[in-house]
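Asker: Next up is a structure, given as structure tokens.
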Amino acid sequence: MLYPVEIKNSGEFIKILNSIGTDSGAFKYLSPKYKIINIYAEKIDFRAATFLKQELLARNGDAAVAKHVIDGKTDFSDVLLMGTISQLESLLIKLNSMDIWGLKNFREELSSTLKNLKIHEWKFNLNNNRQLILNENTQIMGIINLTPDSFFEDSRISNEKDLLKRVENFINDGAKIIDLGAESTRPNSEKINESEELKRLIPALKILRKNFPNIIISVDTYKSKVAEISINEGADIINDISGFEFDAEIPETISKLNVPYILSHIKSDSEPFKNLRSEIISYFRNKLNILEKAGVNLKNIILDPGLGFGKNPAENFYIVKNIDFLKIFGLPILIGHSRKRFLGKNNLPGTLAVSAFLNGKINLIRVHDVKENYDTLSAMQNIMNYEF
């Protein structure tokens, strides 16, 4: 009897090998071979494209290239590499002797990408000997809005009693991180100054740190001064929706504080994307370079593609569906999709559908409805882990 099996991760692969009774000594040799990886490369010299296709074919992999690569009627071609980790690593060895046709830069990019794709766990050291560990189990960040004008009215908090109760519920319902925001970032929302933001934020932050000393707290702010004061008052993470577009001092501040920083993509102009994936990748590369030059430890960075920030519904869904393209950076990924307009009028079902789809693909989801999302993720994990 023959039948196909879908293997989503290395854990499932090991389970299958155990069920077969495979010698455990063979696991490390088989693991790089079980999964086909598709890697897209843009604007490759046509001679390099031909070489890559031939070399992958020789290793029982393959590559898709433009139709005129073979007859030399095109100078460049995008290339889709298709192979296992073993096949692609073997290709890398061959590329060590190839510095022509732009293959040196390609080799460096491929080496970095394969290395980063193998990273599945990240550890962030916090104060008071606490630690945030992110891995393939998607975790939840619960949203607490300390604003009078948040787009989702039910998420607004107006007094200390409600704040403590909401956070207690979030913790009991499975939130890993509590995200405090004191300024709404919805379209056309009122902008507030530092003093007003701090007036809303710091009392709530102090109350939470006093009553829940071990919880992990992020602060949703794009202002460097607010970020610094928040960390000094007990916050653990800075969540900046602007990617320091709104305050150029953020990199220096994060470097000084040495804390986890959520780097978000935002598109402030109205020009349509020409190539969404390439533009977001270029944006993050540039931002990470700036942060590194400012002295920021890049192991403290979490990436957020910024759903809804300068993107139309089709672009938002494209990012969700193709989220793997961000894994080239080897950094954890957060998605903030909760109840956003592109999910439709009755957008809780849409939120839960996206959460289910992203389960195991990203590391954090930022949501208003913690219990519902936790139950959704748990159900998906039960399905994936179910065994006879």
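The values are calculated or read from the model by the stated rules, or taken from the named source; none is laboratory data. Just so it is clear, the structure is predicted and the values come from calculations on it, not from any experiment. Neighbour counts run over all protein chains shown; Cβ positions are idealised from the backbone, glycine included. With ligands, DNA and RNA removed, areas are computed over all heavy atoms of the protein, side chains included. Shrake-Rupley method; radii C 1.70, N 1.55, O 1.52, S 1.80 Å.
Asker: Would you work out which of 41, 141, 164 lies farthest towards the positive end of the dipole of the chain? Charges go on Cβ: Lys and Arg +1, Asp and Glu -1.
Answerer: 41
Asker: With contacts defined as alpha carbon pairs under 8 Å and 6 or more residues apart, what's the relative contact order of region 240-388 in percent?
Answerer: Once divided by the residue count of region 240-388, the mean separation gives 19 percent.
Asker: Indicate, rounded to the nearest 5 percent, the antiparallel portion of the DSSP beta bridges found entirely in the chain.
Answerer: 35
Asker: Quick one: which of 304-311, 315-322 comes out on top by average Cβ neighbours within 10 Å, and what's the full order, highest first?
Answerer: Packing order, densest peptide first, comes out as 304-311, 315-322.
Asker: 5 Å is the cut-off here: which amide hydrogens, built 1.01 Å from N in the peptide plane, fall below it relative to residue 310, excluding neighbours closer than 5 in sequence?
Answerer: Here 267 satisfy the definition.
Asker: Okay, next question. First select every other residue whose beta carbon is under 13 angstrom from the beta carbon of residue 128; then total the charges, Lys and Arg +1, Asp and Glu -1. Intermediate values should be presented prior to the final figure.
Answerer: Numbers: positive: 130, 209; negative: 236.
Local charge sum for residue 128: +1.
Asker: Next question, about the same structure. Would you compute, from DSSP H runs of 4+ residues alone, the mean residue ellipticity of the chain at 222 nm, taking -39500 (n - 2.57) per run and dividing by the full residue count, rounded to the nearest 500?
Answerer: Computed mean residue ellipticity for the chain: -12500 deg cm²/dmol.
Asker: Additional query: How many percent of the accessible area of region 83-234 is carbon or sulfur, using a 1.4 Å probe? Numbers along the way, then the final one.
Answerer: Details: 3360 of 7590 Å².
The computed percentage sits at 44.
Asker: Continuing with this model, one more query. Would you mind pulling out the separation of the Cα centroids of region 59-113 and region 167-241, in Å?
Answerer: 46
Asker: Same structure, new question: Given the options 350, 11, 181, which has the most mean-square fluctuation in a GNM of the chain, springs set between C-alpha atoms less than 10 angstrom apart?
Answerer: For the chain, modelled as a Gaussian network with Cα springs under 10 Å, the answer is 11.
Asker: Now for a separate question. Tell me, what HN-Hα J-couplings in whole Hz come from the Karplus equation 6.51 cos²θ - 1.76 cosθ + 1.60 at θ = phi - 60° for each residue of region 344-351, using x for Gly and Pro?
Answerer: Using θ = phi - 60°, the values come out as x, 5, 8, 8, 5, x, x, 4 Hz.
Asker: Using the crude model of +1 on Lys and Arg Cβ and -1 on Asp and Glu Cβ, and no other charge, please compute the dipole size for region 1-158 relative to its Cα centre, in debye to 20.
Answerer: Here region 1-158 has a charge dipole of around 480 debye.
Asker: Moving on to the next point. Residue by residue through region 198-212, what is 3J(HN,Hα) from phi via Karplus (6.51 cos²θ - 1.76 cosθ + 1.60, θ = phi - 60°)? Round to whole Hz and write x for glycine and proline.
Answerer: Result, rounded to whole Hz: 5, 4, 7, 7, 5, x, 5, 4, 5, 4, 5, 5, 5, 8, 10.
Asker: Report the charge-dipole magnitude of the chain in Debye, nearest 20, computed about the Cα centre from +1 at each Lys and Arg Cβ and -1 at each Asp and Glu Cβ.
Answerer: The calculated dipole for the chain is roughly 540 debye.
Asker: Using 0.36 nm per residue of separation minus the Cα-Cα distance, give me the extension gain between residue 258 and residue 382 in nm, one decimal.
Answerer: Full-extension gain reported as 41.0 nm.
Asker: Rank 64, 230, 307 by how far each Cα sits towards the positive end of the charge dipole of the chain (+1 on Lys, Arg Cβ; -1 on Asp, Glu Cβ) and give me just the farthest.
Answerer: Farthest along the dipole direction, towards plus: 64.
Asker: If amide H atoms are built 1.01 Å from N in the plane of the peptide, which residues on other chains or at least 5 residues away come under 5 Å of the amide H of residue 216?
Answerer: 178
Asker: List the lysines whose Cα sits under 18 Å from the Cα of residue 161, skipping any in the same chain fewer than 8 residues away.
Answerer: Leaving aside lysines fewer than 8 places away in the same chain, those within reach of residue 161 are 199, 206, 210.
Asker: Only one of the listed values, (i) 81, 54, 50; (ii) 62, 53, 39; (iii) 68, 51, 43, was derived from the coordinates as Cα extents along the principal axes in Å; which label is it?
Answerer: Of the labelled values, this structure produces (iii).
Asker: Would you work out which of 103, 16, 93 lies farthest towards the positive end of the dipole of region 1-136? Charges go on Cβ: Lys and Arg +1, Asp and Glu -1.
Answerer: Result: 16, furthest along the dipole toward the positive end.
Asker: Once phi is turned into ³J(HN,Hα) by the Karplus curve 6.51 cos²θ - 1.76 cosθ + 1.60 with θ = phi - 60°, what whole-Hz value does each residue of region 258-275 show in order, with x for glycine and proline?
Answerer: Going residue by residue, I get 6, 10, x, 9, 8, 9, 10, 8, 9, 10, 8, 8, 9, 5, x, 5, 8, 8 Hz, with x marking Gly and Pro.
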